[in-house]
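Asks: Here's a structure for you.
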């Protein structure tokens, strides 16, 4: 598990849950979150790749399975996400079962919209899935 993944797990405020076909989770990234390093000094902004990883991690934890990101077919980042901002990830599965729509919101404002494709990853030696109880 990467440093960013561990930090996202620690930043979880509301664990992933599923209701009405949507998976949601909430996060708050602390000032010392590793994704802010160098992005940007004096005015930290959460990078798009971290926002995308938060969406994938939400899926992994809800399904208790490790996924591999196959691609992002559409992404729009509308508002910056900074330290200590509570944000929610909402996922909806697409009909093909491998594509997902993700919406990130903070304070009632849209942060990002993504459409991504993810497939179940095969764990290598010594690896485990992204289970809810992984530490």
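Asks: For the chain, modelled as a GNM with alpha-carbon contacts under 10 angstrom, which of 121, 102, 93 fluctuates the most?
Replies: 121
Asks: Something else: Quick check: residue separation of residue 85 and residue 10 times 0.36 nm, minus the Cα distance between them. What number comes out in nm?
Replies: 25.6 nm
Asks: What whole-number distance in Å separates the alpha-carbon centres of segment 7-40 and segment 80-104?
Replies: 10 Å
Asks: Figure the gain on full extension for residue 93 and residue 121 (residue separation times 0.36 nm, minus the Cα-Cα span) and round it to one decimal in nm.
Replies: 8.3 nm
Asks: Taking 0.36 nm per residue of sequence separation and subtracting the Cα-Cα distance, how much length would be gained by fully extending the chain between residue 17 and residue 32, in nm to one decimal?
Replies: 2.7 nm is the gain from fully extending residue 17 to residue 32.
Asks: If one puts a single equal scatterer on every Cα of the chain and applies the Debye formula without solvent, what log₁₀ I(q)/I(0) results at q = 0.13, 0.14, 0.15 Å⁻¹?
Replies: -0.51, -0.60, -0.69
Values quoted throughout were computed directly from the atomic coordinates according to the rules given, and no laboratory measurement underlies them. Note that the structure is predicted; figures quoted are calculated from it, not measured.
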